[in-house]
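In what follows, a structure is listed as structure tokens, so that the remarks can point back to it.
The values are calculated or read from the model by the stated rules, or taken from the named source; none is laboratory data. What you see is a predicted model, and the numbers here were worked out from it, not measured in a lab. A quick note on method: Cβ atoms are made from the backbone with ideal geometry, for glycine too, and the neighbour counts reach across all protein chains shown.
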Amino acid sequence: MFENRLLKVYKHKSKLAKRQGITCYRVYDHDLPEFPFCIELYEDKVYLAEYLRRHGMTDEEHEAWLEICVACICKLLDVKDEIVYIKQRKRKANRHDQYEKTDSKQEYFTVMENGLKFLVNLTDYLDTGLFLDHRITRKMVYEQCAGKRVLNLFAYTGSFSVYAAAANAASVTTVDLSKTYLQWAEDNFAINLLKNKDQYFFIHADVKQYLKTLQPNSFDLVIIDPPTFSNSKRMKDFLDIQRNHVELLNDVLHAVSKGGTVYFSTNFTRFVIDKENIQATTIKDITRATTPFDFEGRLKRWCYRIGK
């Protein structure tokens, strides 16, 4: 059953990926309840995440079952098992969980997306360093930010920032609470030979507090992809995206120039945007327009383009 399903989706998605020149994409995502995996290809390597659930197997039985599944994946994807990276994760993990370290192998390698290079790590963290579901959104930003002052909030490893810099943005400011991920972002800039210190800024800060310090007309384009919830000890106050999104977005819009654009995304599946209280001229739901082929029907995030 698993073999048949995996073969079907891999045949379909690999053709689409090849046609579009995409080398990193999601192959399978919990298509069958009995096989709760997320399988992603990062060029010649396979990322296999098993969502934890009550399976009724002993540890030994589960290990044997997983080995059979991995053998099946290797056969169908035509890869060797040493390049399959296995991770176990909770079904309801939020993006703020990305800060939790799970290993310390420090195995980084470079992948390409739209001619740009990104470092990924398939062993040490819950997430890999590159959110594949925002592939189209990154391209949208790239096409709009030439000559603009760009701000990337909750920036993670700075992939949006790399796109903005590569598109000749006037300046790119990357803000995150984690020094580890800010350094990762700087490393992503370095491998793309983006080294202009007069234009690129990496700021270690609590985004909610940082926004309060900004003057009007500070930026022309902002990307904000906050966690659903965060109560990090490094934050002055906890963040609940449903509760806080109006204040957060109004603070962003306060710092944006007239005619500027904000790209806002959230992974909270039950999110409801409060359009009436957001001080914007336009709010457009672009979730569907930013959904890549490998996430169709399975994307659990929202994305909006907000104009001032």
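Some points to look at:
- Residue within segment 34-51 that is assigned to a loop (DSSP other than H, G, I, E, B) and either in contact with a Gly (Cβ under 6 Å, 6 or more places away or on another chain) or in contact (Cβ under 8 Å) with a residue 40 or more places away in the chain (or both) present: yes
- Residue in segment 295-307 that is surrounded by fewer than 15 Cβ atoms within 10 Å (Cβ to Cβ), assigned by TED's automatic domain parsing to the domain that holds ILE136 and in contact (Cβ under 8 Å) with a residue 60 or more places away in the chain present: yes
- LYS105 meets each of the listed conditions (1) farther than 23 Å from PRO226 by Cβ; (2) among the charged types (D, E, K, R); (3) at pLDDT below 95; (4) in the same structural domain as ASP187 (by TED's automatic domain parsing) apart from (4).
- Enumeration of residues in segment 122-147 that are closer than 28 Å to GLN88 by Cα and not in a helix (DSSP H, G or I): LEU122, THR123, ASP124, TYR125, LEU126, ASP127, THR128, GLY129, LEU130, PHE131
- Subset of segment 52-70 (residues that are of a type outside the set (Asp, Glu) and either assigned to a loop (DSSP other than H, G, I, E, B) or closer than 26 Å to ASP127 by Cβ (or both)): LEU52, ARG53, ARG54, HIS55, GLY56, MET57, THR58, HIS62, TRP65, LEU66, CYS69, VAL70
- Subset of segment 25-63 (residues that are on the phi > 0 side of the Ramachandran plot and either at pLDDT 95 or above or assigned by TED's automatic domain parsing to the domain that holds ILE136 (or both)): GLU43
- Residue count for segment 116-131 satisfying the condition of being closer than 17 Å to ALA190 by Cα and free of Cβ contacts under 8 Å to residues at least 40 places away in the same chain: 1.
- Of all residues making up segment 14-36, the number that are touching a strand residue (DSSP E or B) at 6+ places or on another chain (Cβ under 6 Å) and either small (Gly, Ala, Ser) or over 15 Å from THR128 (Cβ atoms) (or both): 3
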